[in-house]
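Following: one structure in structure tokens, then a few remarks.
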Amino acid sequence: MNRHKRPQDRLKGGDENIERVTIKGLVIPVDWDEKGTVVAVAISTHDEKEYLIDRDEKGRELLHFIQQEVQASGILRESEDKKKIIAVQRYTLFAHKKRIYYSEKRRSKDEKR
């Protein structure tokens, strides 16, 4: 995991437990509705840490990539019960030797081989 340590990566005027981070790992399901549909995911990193994904627009996009490797950047915060939660701002999907980039500013995806 790449945690930024520069002072500008800390959010100003907010909780000291909130920072910008970039992590890489597998998208895994963590919550299901009564029909068995996945409604929440997390990223499980290679060092076996688990980061819950915020259920905002970018977070819902990751529901389509269960069991796929991604690199995600965003705002990290801790819940009251000490779970790590990321509000994803952009992510890169690693699939079939292609990198597919998604960002908060672009709606379309750009592929690089």
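Coordinate-derived values only; no laboratory data. Here the structure is a predicted model, which is why all the values come from computation and not from measurement. Every residue, glycine among them, receives a Cβ derived from its backbone with ideal geometry; neighbour counts consider all protein chains shown.
For GLN68, the residues 5 or more places off, or on other chains, whose built amide H falls under 5 Å of its own are VAL27. Potential lengthening of the chain between ILE75 and LYS35 amounts to 11.3 nm, from the contour at 0.36 nm per residue minus the alpha-carbon distance. Put in line by how crowded their Cβ is, counting other Cβ atoms within 10 Å and starting with the fewest, TYR51, TYR91 read TYR51, TYR91.
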